[in-house]
Amino acid sequence: MSPTPAYPRIAEALRAAIATGELPNGSRVPSEPTLAARFSTARNTVRRALAELQREGLIATVPGKGRIVRNQETLGPHQEETMPGYQRIASVLRQQIQRGVYPAGGRLPSEAALARQHRVSRETARRALAILRSEGQAVAIHGKGWFARRDVPGTPGTSQDVPDRVSESATQSP
């Protein structure tokens, strides 16, 4: 009789750590080399265990963060915690524009400010703003910054509130 494969044992140990809160929601799952050393197995065996947990929805792979424990109370197909940083930032800004935090013509945070606030690179912040520009919700004015461009349903104000310098003709990139 052959011994039981190691990956189910590893997966079960990680499930228990998630269930007991040893690995809380949003926390990073230990790296493959760390788990391989802890369980005295090969990294490929650890990968199989992690793949099983990912299929079950207990963990997710997030670009730039690694594997994290998913929030078990709010599991969903498009959970914000598993979004790449630039998509998460764009989502936050989009919601703020919709709530009127940044009305039409209002200045958006700079790339540097977004990078500091969200602890990402300026390139990641730039990608987030580019998403909003492609959606028609933001415009970059060379030398001036980024501005909310048009109203989104439910946003206070009208497109007439947008300064002339943020008009349709001023859609230059920084």
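Restricted to segment 90-112, and to residues that are part of a helix (DSSP H, G or I) and over 17 Å from the mean Cα position of the chain (by Cα), which residue is surrounded by the fewest Cβ atoms within 10 Å (Cβ to Cβ)?
The initial filter retains those residues of segment 90-112 that are part of a helix (DSSP H, G or I), namely 90-99, 111-112.
Filter once more, keeping what is over 17 Å from the mean Cα position of the chain (by Cα): 97-99, 112.
Numbers: I97: 25, Q98: 16, R99: 13, A112: 10.
Going through the qualifying residues, I end up with A112.
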Considering residues of segment 145-174 that are in contact with a helix residue (DSSP H, G or I) (Cβ under 7 Å, 6 or more places away or on another chain) and of a type in the set (K, R) only, the residue modelled with the highest pLDDT: R149
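The values are calculated or read from the model by the stated rules, or taken from the named source; none is laboratory data. In this text the structure is predicted, and so the values were computed from the model without any measurement. All Cβ positions, glycine included, derive from the backbone under ideal geometry; neighbour counts span all protein chains shown.
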